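I have placed the structure first, in the form of structure tokens, so that the comments after it can refer back to it.
The values are calculated or read from the model by the stated rules, or taken from the named source; none is laboratory data. Please read all numbers here as calculations on a predicted model, not as lab measurements. All Cβ positions, even for glycine, are placed from backbone atoms using ideal geometry, and neighbour counts span all protein chains on display.
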């Protein structure tokens, strides 16, 4: 590759990098304290719908091997 | 030549300026941490899940697994050259799909339950119809120039792939052609996760970065740094405002989209093994992370503490998944077994 083509590639790449960084720099950011509080609230609100957190009764457990009963 | 050098210098100066601006903006909103916000949260205590089933069937290392939307079927992929579709309630194998290439790295279930997709060192993503009398190859998606690390269906007509060629790609399954190519990573793309509204997705790569993409525009919207090695696993927090990554640097991290940075890290000096996979419980409170140390460690996502462990595999845990109804965790391992816990 000629040095001229090589440097044009580098310039094209640098232009794309600047373009990308402009996009990333332009967003609005919220405070971590607010973000964290929202995440905590979500966990708390949904805790009762989280079987792995609150436990699963044996009768409702789809993966537990059911033992057969014999009537004596 | 002189004018080109001048332009390069000016562009480089602008890049440096923008990077400094981004770091300053992140610092300006860094007014606290997740662990301090979680100080008042109730402890989850010790999380002790029991092994409910060990699924035997594969003859070699399992590399990937994915739950169906019915929370009952599950597909696994092994380098024995097979995909197996399991009924996890009975432990029975429902379908076996023989692969053209045994070097599979990823498998996915379509939301409809009609299709599964897999791929790996063949650089292709192959889609199979598993509802026909015997599994039928629907499409061979062949355009990546590197291995297929991860694939996820949006529907029966669209699939997203992440590749060792550093790109992610959205494919049209009706034509078998690429719709959008997502380029920006400078390392192998290892993992991806779709947002619930399917307007965005996040990717993790060997350049140690995670990126948020606009699915329809094809643009990278945000880049998240912090890891010091390959990111192998990535998943959205259920609210959609954050995502969690797992890395070869032996840590997991939670990044918040709206703060544009890491809000908490999950690491332990006693844990010296890379993270291969991760899944979240339905509330997002528990993170199940598979490690090279043969275990799946359980983290309290809010307090950043280890709260449990799933031990039982005899080799690396390579894949982890929680079904949509949140009723259990499935771990898959290089020991050729899948285990179900709850």
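Pick out the one residue from B:25, B:37 that is in a helix (DSSP H, G or I) and either within 22 Å of the chain's Cα centre (by Cα) or buried (at least 21 other Cβ atoms within 10 Å of the Cβ) (or both). Break it down into steps so the answer makes sense when it comes.
On the way: B:25 fails: either within 22 Å of the chain's Cα centre (by Cα) or buried (at least 21 other Cβ atoms within 10 Å of the Cβ) (or both).
Just a single option satisfies the conditions, and that option is B:37.
Can you say whether residue B:192 is under 27 Å from residue B:36 (Cα atoms) and either at pLDDT 95 or above or touching a strand residue (DSSP E or B) at 6+ places or on another chain (Cβ under 9 Å) (or both), as far as the supplied structure shows? No, not satisfied. Among all positions in the range B:263-275, there is at least one residue which is surrounded by 24 or more Cβ atoms within 10 Å (Cβ to Cβ), more than 10 Å from chain A (Cβ to nearest Cβ) and under 14 Å from the mean Cα position of the chain (by Cα). If the condition is being within 14 Å of chain A (Cβ to nearest Cβ), surrounded by fewer than 20 Cβ atoms within 10 Å (Cβ to Cβ) and in a strand (DSSP E or B), then the range B:54-94 contributes B:54, B:87, B:92.
The condition of being more than 8 Å from every other protein chain (Cβ to nearest Cβ) and under 24 Å from the mean Cα position of the chain (by Cα) does not hold for residue B:43. Going through (1) within 10 Å of chain A (Cβ to nearest Cβ); (2) without any contact (Cβ under 8 Å) to a residue 24 or more places away in the chain; (3) buried (at least 19 other Cβ atoms within 10 Å of the Cβ) one by one, residue B:295 falls short only on (1). Could you please let me know if residue B:251 is surrounded by 23 or more Cβ atoms within 10 Å (Cβ to Cβ), away from chain A (no Cβ under 14 Å) and under 17 Å from the mean Cα position of the chain (by Cα)? Considered against the rule, which asks whether it is surrounded by 23 or more Cβ atoms within 10 Å (Cβ to Cβ), away from chain A (no Cβ under 14 Å) and under 17 Å from the mean Cα position of the chain (by Cα), residue B:251 comes out as no.
From the list B:286, B:212, B:310, pick out the single residue that is closer than 30 Å to residue B:179 by Cβ, within 14 Å of chain A (Cβ to nearest Cβ) and either surrounded by 23 or more Cβ atoms within 10 Å (Cβ to Cβ) or in contact with a strand residue (DSSP E or B) (Cβ under 7 Å, 6 or more places away or on another chain) (or both).
On the way: B:286 fails: closer than 30 Å to residue B:179 by Cβ; B:310 fails: closer than 30 Å to residue B:179 by Cβ.
After applying the criteria, what remains is B:212.
Which ones in the range B:298-321 are in contact (Cβ under 8 Å) with a residue 40 or more places away in the chain and more than 19 Å from residue B:46 (Cα to Cα)? Within the range B:298-321, B:315, B:316, B:317, B:318, B:319, B:320, B:321 meet the criteria.
It is to be established whether one or more residues within the range B:141-156 are closer than 15 Å to residue B:65 by Cα and outside any strand (DSSP E or B). Within the range B:141-156 (the criterion being closer than 15 Å to residue B:65 by Cα and outside any strand (DSSP E or B)), the answer is no, since none of the residues qualifies.
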